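Novice: Got a structure for you, questions after.
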Amino acid sequence: MLFYQNYGRVNGKQLISAETVKEFTEVQFRENGNRRGLGFDKPLLNNAELPLAEAYPSPLASPRSFGHSGFTGAFVWDDPEKKLTYIFLSNRVYPSRDHQKLYSLGIREALQDVFYRAEQK
């Protein structure tokens, strides 16, 4: 994720252009109410105005942040503005695919919110 946070630069070398990274991590179809980037998810368009229980991800995530969530509950989110990378690894499908507490309790977003709040102090 640092590759994206540093806009394509690694160990002093620009591997892809900063413009390309920005294009992939920007909302592409805002006019349609679609928050997706190219290959990445983005915060809800009104995310900062929402309570934690309705936000995706944490309402403290900047509009420039981006990430991806997986079927088994894994979640990775990068916020270049706040220099914060959040990685949550889990196995939501244990003991079965019907296990939904990770989603219903909002665990990933709540824990992410803790990190954002700690960063503010």
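The values are calculated or read from the model by the stated rules, or taken from the named source; none is laboratory data. Here the structure is a predicted model, which is why all the values come from computation and not from measurement. No Cβ is skipped: glycine too gets one built from the backbone with ideal geometry, and neighbour counts run over all protein chains shown.
Novice: Where residues in the range 74-104 are surrounded by 11 or more Cβ atoms within 10 Å (Cβ to Cβ) and among the aliphatic types (A, V, I, L, M), which of them is nearest to TYR116 (Cα to Cα)?
Specialist: By that ranking, first place goes to LEU84.
Novice: Return the residue satisfying two criteria in turn: it lies in the range 14-30 and is of a type in the set (A, V, I, L, M) and under 17 Å from the mean Cα position of the chain (by Cα), and of such residues it is farthest from PRO43 (Cα to Cα).
Specialist: Kept after step one, since they are of a type in the set (A, V, I, L, M), are these residues of the range 14-30: 15-16, 18, 21, 27.
Subset that is under 17 Å from the mean Cα position of the chain (by Cα): 21, 27.
Numbers: VAL21: 17, VAL27: 9 Å.
Among them, the one singled out is VAL21.
Novice: Name the residue that is farthest from the chain's Cα centre (by Cα), counting only residues in the range 31-60 that are more than 23 Å from GLN100 (Cβ to Cβ) and small (Gly, Ala, Ser).
Specialist: GLY33
Novice: Still on this structure, I have one more. So, ALA61, is that one assigned to a loop (DSSP other than H, G, I, E, B), modelled with pLDDT of 95 or more and among the hydrophobic types (A, V, I, L, M, F, W, C) or not?
Specialist: Yes; evaluated as a whole, the condition is true for this residue.
Novice: Would you be able to say whether some residue in the range 39-56 is in contact with a helix residue (DSSP H, G or I) (Cβ under 6 Å, 6 or more places away or on another chain), over 14 Å from MET1 (Cβ atoms) and surrounded by fewer than 17 Cβ atoms within 10 Å (Cβ to Cβ)?
Specialist: Looking through the range 39-56, at least one residue is in contact with a helix residue (DSSP H, G or I) (Cβ under 6 Å, 6 or more places away or on another chain), over 14 Å from MET1 (Cβ atoms) and surrounded by fewer than 17 Cβ atoms within 10 Å (Cβ to Cβ).
Novice: So which residues in the range 91-111 are among the small types (Gly, Ala, Ser), free of Cβ contacts under 8 Å to residues at least 40 places away in the same chain and outside any helix (DSSP H, G or I)?
Specialist: Matches in the range 91-111: SER96 only.
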